[in-house]
Amino acid sequence: MTGGPRAVLIGTMGAGKTTVGRLLAERLGVGFADTDELIEAQYGKSVQDIFVEDGEATFRALERAAVARALEESDGVLSLGGGAVLDPATQALLAAHQVVFLRVGLADAVKRVGLGSGRPLLLGNVRARVKQLLDERAPVYAGLARITVDTDGRAPAEITAEIVTALQGEPA
């Protein structure tokens with residue numbers, strides 16, 4: 001692998017991609033980018049507002065472009081939105097990168113996301129929806145990952161340390 005991010009973090013909401021991503025970037029001495037934050041900065045509205053006002057299809061198109069651009073421009077740690085990996089073009093782009101799957105179980109994901117979440121895909125029964133997303137997406141995440149780290153019951157610093165160790169053992 002040449003160029004691009006040192007690590008690309010994937011996983012469902014509540015896995016800790018942003019929290020761990022920031023810590024990992026700090027540990028590696030590189031920059032951090034989150035594709036949801038990049039989209040919000042570029043379009044001047046929240047992901048939730050894009051979903052509500054423009055629809056999921058519009059958001060997914062914006063996300064696909066943001067991920068492609070970030071994979072090309074980033075040389076640090078990149079965190080992807082939970083659904084970004086469902087796009088076949090994004091999956092193809094990720095094949096050339098150091099992808100880290102932060103695996104989280106249902107109980108921890110729900111606890112971290114919270115029942116009063118402002119996340120657009122969690123309208124209605126949060127626990128049932130998180131379970132559905134985990135069941136649908138976990139095989140995709142696992143298939144794309146070069147490194148998988150379990151996050152349940154673990155502190156972000158501990159997860160970060162495991163990723164640093166795994167990255168040091170992988171060819172750059």
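Figure legend. Inter-residue proximity from the range 23-50: first residues touching a residue at least 12 places away in the same chain (Cβ under 8 Å) and of a type in the set (S, T, N, Q), second residues part of a helix (DSSP H, G or I) and open to solvent by less than 20 Å² (accessible area, probe 1.4 Å), beta-carbon distance below 9 Å, spacing 6+ or different chains. Indicated pairs: T35/E63; T35/A66; T35/V67; T35/A70; T35/A84; Q42/A66.
Checking A145, A157, A84 one by one, the residue that is under 16 Å from the mean Cα position of the chain (by Cα), at pLDDT 95 or above and within 25 Å of P5 (Cβ to Cβ) is A145 and no other. When S117 is tested against (1) farther than 26 Å from G143 by Cβ; (2) modelled with pLDDT of 80 or more; (3) surrounded by 17 or more Cβ atoms within 10 Å (Cβ to Cβ), only condition (2) is not met.
The values are calculated or read from the model by the stated rules, or taken from the named source; none is laboratory data. All of these numbers come straight from a predicted model, not from anything done at the bench. Here Cβ is always computed from backbone atoms with ideal geometry, including for glycine, and neighbour counts include all displayed protein chains. The area values use the complete protein model at the heavy-atom level, side chains included, leaving out ligands, DNA and RNA. Shrake-Rupley method; radii C 1.70, N 1.55, O 1.52, S 1.80 Å.
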